[in-house]
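Contents: one structure, followed by commentary.
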Amino acid sequence: SAVISQKPSRDICQRGTSLTIQCQVDSQVTMMFWYRQQPGQSLTLIATANQGSEATYESGFVIDKFPISRPNLTFSTLTVSNMSPEDSSIYLCSVNAGTGLNEQYFGPGTRLTVT
Amino acid sequence: GDSVTQMEGPVTLSEEAFLTINCTYTATGYPSLFWYVQYPGEGLQLLLKATKADDKGSNKGFEATYRKETTSFHLEKGSVQVSDSAVYFCASSSGGSYIPTFGRGTSLIVHP
């Protein structure tokens, strides 16, 4: 199994500012995923991040708002830019359990509140 | 694409009661099915899974059976504990996708 850590665990930010969330995995993985979980809602995939290439964004999410870096096989960052209260959510990173497997391991999440 | 529907919560039970959380899916072909659990303040953890029809996934006293005829994967536990209080997500993954489709989650509250 993979152990995933995220920083920060929570933050309160002012509107108009940006926050970068870090995700660290204890093993090398090809794909990392970023999700948003709005209060009382299910998980929505923001983007898939592969090392060495640009992230692939899902419908409704754009790189200018959610830039992602993937500098190596164990690390990724997600930035939430020019924040508004609607961005208040839990942001989760995840990885696949292994080659050919379609279950995922999740980090503990970053709880973001925008005031 | 896939879609997953699960019963709305919260589900409130007394300790040692029987639990059922309903989940149905629509998918192309034969998806893999999952239950994830999210304890307060934590990320999601895989609870159990089933990859083909009639498979039963089980873990920590929880069970779910893959029913192709009813496109269902209901989660059950015979005797819940206070420590089972969490949000439970049903999910499916098909067509070679590594990205599950999640239901909306069902909150379970167990009282002593």
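Laboratory data are not the source of any read-out in this text; all were calculated from the coordinates shown. Values in this document were obtained by computation on a predicted structure and should not be read as measured data. When we count neighbours, we look across all protein chains shown, and the Cβ atoms used for this are built from the backbone with ideal geometry, even at glycine.
Sorting A:38-50, A:14-26, B:29-41 by average packing, meaning the other beta carbons within 10 Å per residue, from highest down gives B:29-41, A:38-50, A:14-26.
Counting other C-beta atoms within 10 Å, and keeping those with at most 12, which DSSP coil GluC sites (Glu not before Pro) do you find in the range B:35-111?
B:GLU69
Other residues lying with their Cβ under 15 Å from the Cβ of A:PRO85 contribute a combined charge of +1, Lys and Arg counting +1, Asp and Glu -1. For the range B:32-96, averaging the sequence separation of C-alpha pairs within contact (under 8 Å, six or more residues apart) and dividing by the residue count gives a relative contact order of 36 percent.
Partner shielding of A:29-41 amounts to 2, given as the average count of beta-carbon atoms from other chains within 10 Å of each residue beta-carbon. Once both labels are modelled 7 Å past Cα along the beta-carbon direction, what's the B:LYS52-B:ALA17 spacing in nm? Each label point is offset 7 Å from its Cα along the Cβ direction, giving 3.8 nm. Counting only other residues whose beta carbon sits under 11 Å from that of A:SER9, what net charge do I get with K and R as +1, D and E as -1? Around A:SER9, the charge tally is +1.
Centroid-to-centroid, using Cα positions, the range A:5-38 and the range B:1-56 are 25 Å apart. Considering only A:VAL80, A:VAL95, A:VAL62, the Gaussian network model of chain A with Cα springs below 10 Å gives its largest mean-square fluctuation to A:VAL62. Ignoring lysines fewer than eight residues from B:LYS77 along the same chain, the ones with Cα atoms less than 23 angstrom from its Cα are B:LYS49, B:LYS52, B:LYS56, B:LYS60, B:LYS68. Take each residue of peptide B:35-43, count the partner chain Cβ atoms within 10 Å of its Cβ, and average: the result is 4. According to the Cα-based calculation, Rg over Rh for chain B is 0.96, with Rh computed by the Kirkwood formula.
Assign unit charges at the C-beta atoms only (+1 for Lys and Arg, -1 for Asp and Glu), then state the dipole size of the range A:1-65 relative to its Cα centre in Debye, rounded to the nearest 20.
240
For the protein assembly as shown, the Cys residues with no second cysteine's beta carbon closer than 4.7 Å are A:CYS13.
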